[in-house]
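Read through the structure below, which is laid out as structure tokens, and then see the notes.
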Amino acid sequence: MDSTVEVSSRDYGEGILPIPAGERYAGGLSMFWLWCGGNILLTTFLLGGYYATALGAVGMIVVTIAGSTIGNLFPSLSGLRSARYGVDEYVGMRSTYGTFGAYVGIFLLVFVNFGWVGILSSVAGQSGKASLGELGAHWKTWYTVFAMGFGLVVPVAMLYLTPKSVFVLVKVAVPLLIIFAVVLLVKQLSDFGWHGIAAKKPDHSVSWQYALEANIAYAVSWFAYMGAWNRFAKSEQGAFWGAWIGLAFIAFLFAIVGGIATLTTGSSDPSVWATKSGLGIPALAIIIFSTIINNAMLLYCSAMGVRTALPKMSYHVLVVAVALPSTVFIYLGSLQSNFNDILTGVGALIAPYWGVALGDYFLVRRQRIDLVGLYQREGGPYWFRGGFNLVALGVWLAGVALWIFLGGWQSTLTWLHINAGEPYFNKLTATAPVIIVCALAYWAVMRVLAHDHAAEPAVLASGDDPPRVETPLATQRP
């Protein structure tokens, strides 16, 4: 695309051109509700249950709050690029990795999304079937009704209509889902008492470091999705605080509720303890709404990510196409194995990839991007070497190796038999340090290459003239 590209997009987020400030409709409160809805997941309930018996009630609460606060900070910062310039995540990522280098991120997004959407749909299928079974409605196909119907069909239909439908739904559904979680927490505390819950001794089946790592890896999985939705934000402040507070608040509430319920019922299955608490029908509501909201958000990100690479493809065709492969994960493998596989992929691949991008945007570029240049190819400021920024990709691969060294021994990569990093993991964990190290390493390498601190990073990699810096779209009038 040449430099005459118009900075406008009037298709309400179905295209890849920037969304001008005057066309954005999501204020800070809308972003808060959106990201609250994004984190209202049955897997967020399950997260607290994974380590509640190991750490006990107090330890579970402390680790959940610490891990969620730290973990959700990183993607909330990453989303500021799209909030400022109104571009999709993978258009903005061209400034770090190059036109084709950004395709690596698209591949990671789509690949991980196949698993996430499949897992969320399968959890909905299992929980929906169990909830109705407890109510006396035994029907084998309930699993497919909940998994396929609410996991794929309804979200795809919403997106096919318009991405704005997600904002409409979250404003209505999210407050109701929060009320459900609070009611469930109150019932647990009133039935068992805090002293009785806190008195349950931890079994130390996993360490607090493992639990902290799980929280952070779970949170930073949002890296790949921030830009697709934050481009609708009216302001950077609204995008940042809406995302960080929304994601962290729900993580606190739902993981803690899930952890306490696991301690009191002996099961980490939401359908079991929701039914035991007399909330079978409300449990069905949270299963339905949370699955629809989250899968719609994830599938939209996949569709837009692919469209940045294949802009001539129909948005509506892509919405359907990116949903179909998730069907495999709905009927294949256990929740535990799939969940652990995805968290390993997030920590090892996604965390260092976006760590480099954070270092590039905040430390090297200081939040300045040539907006028109993002859409240029040969001769453009972000073409680098044949469409790839080899420096950024090299630091990313080094970050992958670092994560495997630190955390591979306790992940699904145990077959590698790399245990030397265990002492360091027990002091640092893996995902957060890798993000920070990648950001600083990329910044340091670019300083060494620059010699002149004022030089633009695109010049260092491509040898072109210094790129033009456009006025941030957030401050422009269309």
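The values are calculated or read from the model by the stated rules, or taken from the named source; none is laboratory data. Predicted model only: the values in this text are computed from it and were never measured. Note that we place each Cβ from the backbone using ideal geometry, even for glycine, and neighbour counts take in every protein chain shown.
Among residues that are in contact (Cβ under 8 Å) with a residue 12 or more places away in the chain and in a helix (DSSP H, G or I), I197 is included.
Highlighted here are the helices (runs of 4 or more DSSP H) found entirely within region 25-94 that include at least 1 residues which are within 17 Å of A296 (Cα to Cα), of a type in the set (A, V, I, L, M) and at pLDDT below 95: 28-39, 42-78. Being at pLDDT 95 or above, within 30 Å of R94 (Cα to Cα) and more than 17 Å from the chain's Cα centre (by Cα) holds for only one residue in G238, G242, and it is G238.
Pull up region 364-383, narrow it to residues that are aliphatic (A, V, I, L, M) and not in a loop (DSSP other than H, G, I, E, B), then point me to the one that is surrounded by the most Cβ atoms within 10 Å (Cβ to Cβ). Quick ask: steps written out before the conclusion?
Filtering region 364-383 for residues aliphatic (A, V, I, L, M) gives 364, 369, 371-372, 374.
In the following step, the residues that additionally are not in a loop (DSSP other than H, G, I, E, B) were identified as 364, 372, 374.
Values: V364: 24, V372: 20, L374: 27.
Looking at residues that are aliphatic (A, V, I, L, M) and not in a loop (DSSP other than H, G, I, E, B), I get L374.
F223 - would you say it is at pLDDT 90 or above and either assigned to a loop (DSSP other than H, G, I, E, B) or touching a Ser or Thr at 6+ places or on another chain (Cβ under 7 Å) (or both)? The answer is yes for F223.
Out of everything in region 112-162 that is among the polar types (S, T, N, Q) and in a helix (DSSP H, G or I), what residue ends up being surrounded by the most Cβ atoms within 10 Å (Cβ to Cβ)? Restricting to residues being among the polar types (S, T, N, Q) and in a helix (DSSP H, G or I), the top hit is S121. All of (1) free of Cβ contacts under 8 Å to residues at least 40 places away in the same chain; (2) assigned to a loop (DSSP other than H, G, I, E, B) hold for L318 with one exception: (2).
Counting only residues that are modelled with pLDDT of 90 or more and surrounded by fewer than 18 Cβ atoms within 10 Å (Cβ to Cβ), region 326-363 holds 2 of them.
Got a number for residues in region 427-455 being in contact with a Pro (Cβ under 8 Å, 6 or more places away or on another chain) and either surrounded by fewer than 20 Cβ atoms within 10 Å (Cβ to Cβ) or at pLDDT below 85 (or both)?
Taking region 427-455 as the starting set, the residues that turn out to be in contact with a Pro (Cβ under 8 Å, 6 or more places away or on another chain) are 434-435, 438, 446, 450, 455.
If we keep only those that are either surrounded by fewer than 20 Cβ atoms within 10 Å (Cβ to Cβ) or at pLDDT below 85 (or both) as well, we get 450, 455.
Residues meeting the conditions: 2.
Every listed requirement among (1) over 15 Å from the mean Cα position of the chain (by Cα); (2) at pLDDT 90 or above is met by K312 save one, (2).
Could you identify the single residue in G246, G266 that is of a type outside the set (A, V, I, L, M) and on the phi > 0 side of the Ramachandran plot? Unique residue meeting the criteria: G266.
Before we move on, is Y424 farther than 12 Å from G98 by Cα, assigned to a helix (DSSP H, G or I), at pLDDT below 95 and among the hydroxyl-bearing types (S, T, Y)?
Numbers: farther than 12 Å from G98 by Cα: yes; assigned to a helix (DSSP H, G or I): yes; at pLDDT below 95: yes; among the hydroxyl-bearing types (S, T, Y): yes.
Criteria met by Y424.
Of all residues in region 34-63, those being in contact with a strand residue (DSSP E or B) (Cβ under 9 Å, 6 or more places away or on another chain) and surrounded by fewer than 23 Cβ atoms within 10 Å (Cβ to Cβ) number 0. The single condition among (1) buried (at least 18 other Cβ atoms within 10 Å of the Cβ); (2) over 24 Å from V437 (Cβ atoms) that G386 does not meet is (1). Among the candidates A357, A392, A351, A401, the residue that is free of Cβ contacts under 8 Å to residues at least 12 places away in the same chain and assigned to a helix (DSSP H, G or I) is uniquely A401.
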